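The values are calculated or read from the model by the stated rules, or taken from the named source; none is laboratory data. These numbers were taken from a predicted model, which means no experiment stands behind them. For neighbour counting, all protein chains shown are included, and Cβ atoms are generated from backbone atoms with ideal geometry for every residue, glycine included. In case anyone asks, the SASA skips ligands and DNA or RNA and just uses the protein heavy atoms, side chains included. Shrake-Rupley method; radii C 1.70, N 1.55, O 1.52, S 1.80 Å.
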Amino acid sequence: MIFTYHKISFLKSDKSTVNLWNFIRQMFEARKYKVVFLKDYDINDKNQIVLRFDDGYKSVLKYAVPVLKFFGYPFEVFIVEKFYDKAEKGDKNFMDKKDLKEVIKAGGRLQYHTKSHPDLSLIEDKEKLKLEIICPEYLKALDKNGFEFLAYPFWKHNCETLKIIQENYKGACSGNGFAENTDYSMDGIRAEANTII
Ligand SMILES: [Zn+2]
């Protein structure tokens, strides 16, 4: 199973935020399983789990990374070029280059989550899709072991998307009821504060 996180906070939790205390509990629970990188993940192996963090929020570095480091878990951070650009320009909500280096040092791997976070299932134009899906070289250079997987924004894609992704990635992540449970539509769930791993 793939558990997808977005933001981590100190106390407050909502649909896209898990607070630190629940996150620590979930990481304790994760000890029952083998936590693996996506590269090593077998979608049919019920004993494996993947920890996925979407959008590149800075709160992941602040609260989740020290916990992940403590447990020695591998994890995947899916970044969006638009949000990374914002961070590089000073937006403190997202991780910049320096932050992402910390993520890698702590055992994380970087993957791609599109250029501007659109609903890919609504885009028909092939060139527009390519622009969203193919990760630019300057971003790939941030992690030489990463950028082999894509996560669909809003979990969704269409047939046209699939062809481009198969040419550029080893696999892709969906979830929350939209997945076909194949290597290019890997299933998973959104981790919330009350999620039990
Ligand atoms: Zn996202």
Between Cys159 and Phe28, what is the label-to-label distance in nm when each label sits 7 Å out along the Cα-to-Cβ direction?
5.0 nm
Loop-only check: which trypsin sites (Lys or Arg not before Pro) in the stretch 2-38 are DSSP coil with at most 16 other Cβ within 10 angstrom?
Lys12, Lys15
Subset of Lys46/Lys128; Lys34/Lys58; Lys34/Lys130; Lys34/Lys89 violating a 32 Å alpha-carbon distance limit:
Lys46/Lys128; Lys34/Lys130; Lys34/Lys89
Per 0.36 nm of contour for each residue apart, how much would the distance between Asn44 and Glu88 grow if the chain were fully extended, relative to their Cα-Cα spacing?
12.0 nm
So, for the stretch 2-190, what is the accessible surface per residue at a probe of 1.4 Å, expressed in square angstrom?
48 Å²
Dipole of the chain, Cα-centred, from +1 at each Lys and Arg C-beta and -1 at each Asp and Glu C-beta, to the nearest 20 debye?
840 debye
Which of these, Leu38, Leu162, Leu68, has the largest mean-square fluctuation under a Gaussian network model of the chain (Cα springs below 10 Å)?
Leu162
Using only Cα atoms, locate the centre of the stretch 144-181 and the centre of the stretch 39-73, then give the distance between them in Å, rounded to an integer.
18 Å
What is the magnitude of the charge dipole of the stretch 106-197 about its Cα centre, with +1 placed on the Cβ of each Lys and Arg, -1 on the Cβ of each Asp and Glu, and no other charges, expressed in debye to the nearest 20?
240 debye
How large a share of the accessible area of the stretch 2-190, in percent, is made up of carbon and sulfur atoms when the probe is 1.4 Å and the other protein chains stay in place?
53 percent
With unit charges on the beta carbons (Lys and Arg positive, Asp and Glu negative) and the dipole taken about the Cα centre of the stretch 118-197, which residue among Ile196, Cys159, Asn145 sits farthest to the positive side?
Asn145
Approximate spin-label separation Thr195-Glu102, in nm, with each point projected 7 Å along Cα-to-Cβ
2.2 nm
Classify the stretch 24-66 from the C-alpha gyration tensor, please: rounded if a/c falls under 1.5, else prolate or oblate depending on whether a/b exceeds b/c.
oblate
Evaluate the relative contact order of the chain (contact order divided by residue number), counting alpha-carbon pairs under 8 angstrom at least 6 apart; express in whole percent.
22 percent
Heavy atoms of Thr182: accessible area, 1.4 Å probe, square angstrom to 10:
60 Å²
Taking a ≥ b ≥ c as the square roots of the Cα gyration tensor eigenvalues, with a/c under 1.5 meaning rounded and otherwise prolate when a/b beats b/c, else oblate, which class fits the stretch 123-197?
oblate
Which value, in Å³ per residue, describes the convex hull spanned by the Cα atoms of the stretch 2-190?
110 Å³
